[in-house]
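Right, one structure below, let's go through it.
The values are calculated or read from the model by the stated rules, or taken from the named source; none is laboratory data. Please read all numbers here as calculations on a predicted model, not as lab measurements. Note that we place each Cβ from the backbone using ideal geometry, even for glycine, and neighbour counts take in every protein chain shown. Protein only, heavy atoms only, side chains kept; ligands, DNA and RNA dropped before computing areas. Shrake-Rupley method; radii C 1.70, N 1.55, O 1.52, S 1.80 Å.
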Amino acid sequence: MTKRTLLEDLKARGLIAQTTSEEELAAHLEAGSVTLYCGFDPTADSLHLGHLVPLLMLKRFQDYGHRPIALVGGATGMIGDPSFKAQERQLNSAEVVQQWSDCLKRQISQFIEFGDDGGAILANNYDWTANVDVLSFLRDIGKHFSVNKMIAKESVRQRIEREGEGISFTEFTYQILQSYDFQKLNELYGCTLQIGGSDQWGNITGGIELVRRMNGKSVHGLTLPLITKADGTKFGKTEGGAVWLDPKKTSPYAFYQFWLQTPDADVYRFLKFFTFLDVDQIDEIEAQDRARDGRPEAQRILAEEVTRLVHDEEALQGARRITEALFSGDHSSLDESDYAQLQLDGLPSSQLPSNLNEVPLTTLLAEAGLAASGKQVKDALQRGAVLINDRECSMEQNMSAATLFAPESARFGRYFLVKLGKRKHHLFYL
RNA sequence: GGUGAGGUUCCCGAGUGGCCAAAGGGAUCAGACUGUAAAUCUGACGCGCAAGCUUCGGUGGUUCGAAUCCACCCCUCACCA
């Protein structure tokens with residue numbers, strides 16, 4: 001069969017929320033290599049799963065011969081995007097934003113091929129925004145914006161209309177800055193397309209209009225759908241908060257586990273959103289899962305694909321090794337070097353303190369991160385949900401940590417695998 | 001600057017002198033059932049193994065006793081200037 005065009009593929013994946021005139025955009029993309037951009041504001045020291053779809057989107061374009069620009073919002077990050085945010089945001093200091101910008105830069109470079117000739121471009125809007133003086137800003141840029149239109153945008157209207165909330169001039173100005181980015185990138189690199197989350201539509205159209213007014217060019221916009229879960233809860237969150245792309249913040253093992261736990265109702269959609277597997281291939285996986293009883297394969301495939309994409313093959317294998325060891329139900333097959341490997345692969349682990357007879361089990365396990373508080377450990381203990389080297393513990397043993405973790409019952413003289421609940425594991429060593 | 005409405009435990013939101021560690025919902029965690037899924041049911045949900053300790057924007061005060069009353073302050077919002 002003939003290969004789909006980029007837009008056809010994106011559509012088949014459900015990756016398009018809105019576009020400016022679809023025919024014009026299609027024609028534009030067919031006519032040759034297009035330079036496009038997507039912005040990422042530094043709101044933390046790492047990107048998280050919410051950024052993954054746009055990031056992969058840049059790569060999808062690159063795979064089809066287009067040239068992506070990843071824009072780090074060193075300037076816009078200082079202001080804060082009000083779009084569909086219920087509340088005014090806390091401003092971060094310049095140093096922090098700068099530092100975070102650098103973090104994002106490093107991360108983004110891992111995803112897209114950057115290079116001198118025709119390769120992707122990494123830009124920072126701080127470069128052209130920081131030195132614009134107020135008067136120039138107001139006269140040269142501000143003059144092109146109608147406050148009437150700015151207020152009418154859905155993304156800020158809610159804030160303005162909502163009882164008990166408001167919007168500062170600072171945040172209100174955000175859309176002008178983002179529009180200016182598009183104008184600047186059009187001027188500097190001939191960028192003719194901006195992509196972003198569906199919440200960015202207002203900011204993108206603002207930019208399109210500014211480019212037309214200032215540069216006399218007709219440019220395009222495309223937004224991606226908000227990733228939702230079938231049960232209505234927020235995508236990309238776990239007990240510990242956001243799932244980060246930085247392996248130091250979310251280990252590849254935790255990352256792999258996150259995807260493995262994807263509900264059936266979401267998994268095929270997610271395969272389309274988060275992997276580069278062909279749409280037909282994904283439909284095939286779904287058909288096979290349906291035909292078979294029991295557990296679907298899709299989660300495993302999804303977890304493997306995304307972990308490999310965000311981390312690498314080695315990290316994926318590590319995550320798989322841990323998963324295999326912990327969830328196969330049989331720890332006795334692990335040899336001594338396997339335990340050391342589990343630690344290296346990123347299984348949470350910690351050294352047992354020397355004053356074990358003074359420390360309640362609740363405190364010990366809570367501090368290891370197996371639960372948020374001692375109370376929760378208590379609850380788990382009372383329900384028989386705590387296993388130390390496969391042996392169940394009770395609340396009565398709470399003060400007998402020294403006995404439970406006695407050297408003679410350690411595996412290979414030093415390891416204790418502690419399990420709390422069905423899927424939380426921690427390796428203690430002497 | 002004026003007037004009005006507010007600031008409650010992760011979020012929403014009740015609570016207007018003792019019965020309040022504070023209703024209800026959401027989120028989260030654990031158990032049962034399963035497939036490390038969903039749905040459902042059960043339990044937990046400020047901290048502490050416990051005795052107990054610390055909360056209701058802040059600081060003082062009234063009271064035997066305050067999230068609740070008073071004073072001042074800080075912050076948010078709306079309308080007006």
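Brief remarks on what is shown
- In the condition set (1) open to solvent by 30 Å² or more (accessible area, probe 1.4 Å); (2) within 30 Å of A:Asp140 (Cβ to Cβ), A:Gly207 is compliant with all but (1).
- Taking residues in the range A:265-276 that are of a type in the set (D, E, K, R), and partners anywhere that are more than 11 Å from RNA strand B (Cβ to nearest atom) and open to solvent by 10 Å² or more (accessible area, probe 1.4 Å), the pairs with Cβ atoms closer than 7 Å and at least 6 places apart or on different chains are A:Arg269/A:Gly14; A:Lys272/A:Arg13; A:Lys272/A:Gly14.
- The residue pairs whose first member lies in the range A:331-359 and is more than 21 Å from A:Ala315 (Cα to Cα), whose second member is of a type in the set (A, V, I, L, M) and open to solvent by 50 Å² or more (accessible area, probe 1.4 Å), and whose beta carbons are closer than 6 Å, counting only pairs six or more residues apart or on different chains, are A:Leu352/A:Leu430.
- Selection of the range A:153-188 for residues being surrounded by fewer than 18 Cβ atoms within 10 Å (Cβ to Cβ), modelled with pLDDT of 85 or more and of a type in the set (A, V, I, L, M) yields only A:Leu188.
- Screening the range A:128-172 for residues that are within 19 Å of A:Trp201 (Cα to Cα) and polar (S, T, N, Q) and picking the one that is farthest from RNA strand B (Cβ to nearest atom) gives A:Ser146.
- Residues satisfying the criterion are present in the range A:124-138 (criterion: open to solvent by 30 Å² or more (accessible area, probe 1.4 Å), in contact with a strand residue (DSSP E or B) (Cβ under 9 Å, 6 or more places away or on another chain) and under 30 Å from A:Ser109 (Cα atoms)).
- Restricting the first member to the range A:291-309 and to residues that are in contact (Cβ under 8 Å) with a residue 40 or more places away in the chain, and the second to residues that are away from RNA strand B (no atom under 11 Å from the Cβ) and in a loop (DSSP other than H, G, I, E, B), the beta-carbon pairs closer than 9 Å and six or more apart or on different chains are A:Leu302/A:Thr275; A:Val306/A:Thr275; A:Leu309/A:Phe111; A:Leu309/A:Thr275; A:Leu309/A:Phe276.
- Options A:Arg411, A:Arg391; residue that is away from RNA strand B (no atom under 12 Å from the Cβ), surrounded by 15 or more Cβ atoms within 10 Å (Cβ to Cβ) and among the basic types (Lys, Arg): A:Arg411
The rows are residues; the columns are (1) within 28 Å of A:Gly318 (Cα to Cα); (2) more than 13 Å from RNA strand B (Cβ to nearest atom); (3) buried (at least 16 other Cβ atoms within 10 Å of the Cβ); (4) among the charged types (D, E, K, R).
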position	(1), (2), (3), (4)
A:Gly196	no, yes, yes, no
A:Asp199	no, yes, yes, yes
A:Ala242	yes, no, yes, no
A:Pro252	yes, yes, yes, no
A:Pro263	yes, no, no, no
A:Leu271	yes, yes, yes, no
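- Pairs with Cβ under 6 Å, 6+ apart, first in the range A:84-107 and in contact (Cβ under 8 Å) with a residue 24 or more places away in the chain, second of a type in the set (S, T, N, Q) and assigned to a helix (DSSP H, G or I): A:Phe84/A:Ser155
- Qualifying residue in the range A:286-307 (condition: closer than 13 Å to A:Pro247 by Cβ and either more than 10 Å from RNA strand B (Cβ to nearest atom) or at pLDDT 95 or above (or both)): yes
- Scanning the range A:351-371 turns up one or more residues that are more than 14 Å from RNA strand B (Cβ to nearest atom), open to solvent by 50 Å² or more (accessible area, probe 1.4 Å) and of a type outside the set (Ser, Thr, Tyr).
- Search result, residues across the range A:416-430 that are closer than 15 Å to A:Leu356 by Cβ and either within 16 Å of RNA strand B (Cβ to nearest atom) or open to solvent by less than 40 Å² (accessible area, probe 1.4 Å) (or both): A:Phe416, A:Val418, A:Phe428
- Taking first residues from the range A:393-417 that are farther than 19 Å from A:Ser349 by Cβ and partners that are more than 16 Å from RNA strand B (Cβ to nearest atom), the Cβ contacts under 9 Å between residues at least 6 apart in sequence or on separate chains come to A:Thr403/A:Ser409.
- Checking each residue in the range A:212-238 for being of a type outside the set (Asp, Glu), open to solvent by 60 Å² or more (accessible area, probe 1.4 Å) and within 16 Å of RNA strand B (Cβ to nearest atom) picks out A:Thr228, A:Ala230, A:Gly232, A:Thr233, A:Lys234, A:Lys237.
- Test for A:Arg320: is it of a type outside the set (A, V, I, L, M, F, W, C), assigned to a helix (DSSP H, G or I) and near RNA strand B (Cβ under 10 Å from one of its atoms): yes
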